[in-house]
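The values are calculated or read from the model by the stated rules, or taken from the named source; none is laboratory data. Because the structure is a prediction, the values reported are computed rather than measured. Cβ: placed from backbone, ideal geometry, glycine included. Neighbour counts: every protein chain shown. Surface accessibility is based on the protein's heavy atoms, side chains included, excluding ligands, DNA and RNA. Shrake-Rupley method; radii C 1.70, N 1.55, O 1.52, S 1.80 Å.
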Amino acid sequence: GFQDKDKELDSLYQILEKHKPLQDTIYLNALVEMGIRLQRRDLEKSTSYFEEAIGLGRALGNLKKLCTSLLGLGINYGRQDNYAEAISNFREALQVAQQNNNTDDKGSSLINLGIVYKRMGEYPTSISYYTQALVLYDSIGDENGLAHIYGNLGILSNMMEEHDKALEYYDKALEWYRSQNNKQKIALTLNNIGEGYLLKKEFDKATEYLNMALEHYDLPKESIVARINIGQVHYELKEYSKAESFLKSALEDAEELGFLQNQSTALRYLSKIQSEQGNHTQSVAM
């Protein structure tokens, strides 16, 4: 656990001390490694290591480490919702990856740009970056990368109210995950397809896919979103007691795990059910 991690950090500190005066490739590698290791533990320190690595990577002309550091720094800024800085780092990472002809880094840069623009609500720009990543992964036959992007494009299409397009993307992702027998991703994609049909108000289809999703989840905790979606379907069909039982079980697990977004969705629908059933008069009278 942390003991080993600290040992590894200690040896990295020693390398940094020893090689700082030399400003060599070994020092650069240690800076990048430190940036990556501290991302989950100390964002500020991680950022300062990446910044130093970017300067040295440029000076040494080490494009691979320069690109890794730009991506790392961009991710750090993204986590702090500093989107302007995140974008400028990802854009530069993309340029360096193109110079270096590194497909993995090119793909990472494009996907990260897609994610940031999605979070900013700039969907067309987001889609253009995801589409560029699609073309790239397609050209090297990276099926896993493709499926990952199809899933993201599905989510985006639903956000843009393009539900049929979303379903097409999800179907493509599902086909790949089924060929790999990846149960977790199959479940997730089935849930997303069910959600797509829910948004289209095709409740039979929604129920069919959401129930299939439930069967594929290994752990009950993983199925919180699917259960909330099933609750919503029953709510739309005015089957309130069925809706309640799915929403309450999802809410319990969401509370236990501290999933705030899921909690608020479940609570929103539970209170809608309360008012639909005329219980609001009772709450006013109390």
Leading residue by the ranking (modelled with the lowest pLDDT) among those in the stretch 144-170 that are surrounded by fewer than 14 Cβ atoms within 10 Å (Cβ to Cβ) and of a type in the set (Asp, Glu): Glu161
Checklist (1) farther than 24 Å from Val116 by Cα; (2) among the charged types (D, E, K, R); (3) under 25 Å from the mean Cα position of the chain (by Cα) applied to Lys64, failing item: (1)
Criterion (among the β-branched types (Val, Ile, Thr) and at pLDDT below 95) met by exactly one of Thr103, Thr68: Thr103
Any hit, the stretch 195-207, residues being aliphatic (A, V, I, L, M), closer than 25 Å to Asn144 by Cβ and in contact with a helix residue (DSSP H, G or I) (Cβ under 6 Å, 6 or more places away or on another chain): no
Restricting the stretch 89-124 to residues that are in contact with a Gly (Cβ under 7 Å, 6 or more places away or on another chain) and among the polar types (S, T, N, Q), the residue that is farthest from Glu51 (Cα to Cα): Asn112
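Residues that are open to solvent by 40 Å² or more (accessible area, probe 1.4 Å) and within 26 Å of Glu92 (Cα to Cα): which helices (runs of 4 or more DSSP H) entirely in the stretch 1-78 hold 3 or more of them?
Counting at least 3 such residues, we get 25-37, 43-60.
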Some residue of the stretch 114-127 being open to solvent by less than 10 Å² (accessible area, probe 1.4 Å) and either farther than 28 Å from Asp42 by Cβ or in contact (Cβ under 8 Å) with a residue 60 or more places away in the chain (or both): yes
